[in-house]
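Derivation of every value follows stated rules applied to the coordinates shown; laboratory data play no part. In this text, all values refer to a predicted model and were calculated from it rather than measured experimentally. Cβ sites come from the backbone with ideal geometry, for glycine too, and all protein chains shown count toward neighbours.
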Amino acid sequence: MLVADVPVEESAPFRQAALRHNVAPIFICPPNADDDLLRQIASYGRGYTYLLSRAGVTGAENRAALPLNHLVAKLKEYNAAPPLQDLVFPPRIR
C-alpha cells in the first residue's frame, strides 16, 4: 500500500500495521534521494518502489523527466523492492 505523504522517517506505525496485515508497504523514491534515504527505502519497502521522475508537485510544471539510471542502480545495490517509474505526460497528452 502506498501512502503518499508518509516520509520514511515517520513510517514506523504504517509499516508495522501493513506488515501485520500482510500488506506490502510501498515507498516513494524522489529523484534527489541521497544514499541514506535510498537505504531506508530499500530496507523498509516491499512489493515495489515508486520511483518519481522529478521532484515537486504532480502537474505543477512540464519539465522533462530526469534520467534515473543511477537511482535504479543504487536501489538494486541496496536490494530494494523493484522500482516502477511514474509517467509524466505533457498536458496535451493527458
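Full extension from ASN69 to SER43: what is 0.36 nm times the residue separation minus their Cα-Cα distance, to one decimal in nm? Walk me through the numbers on the way to the answer.
On the way: separation 26, 0.36 × 26 = 9.36 nm, distance 1.97 nm.
Going from the current span to full extension adds 7.4 nm.
Subtracting the Cα-Cα distance of GLU77 and GLU9 from their residue separation scaled by 0.36 nm leaves 22.4 nm.
Taking other Cβ atoms within 10 Å as a rough exposure proxy, GLU10, GLU77 sort from fewest to most as GLU10, GLU77.
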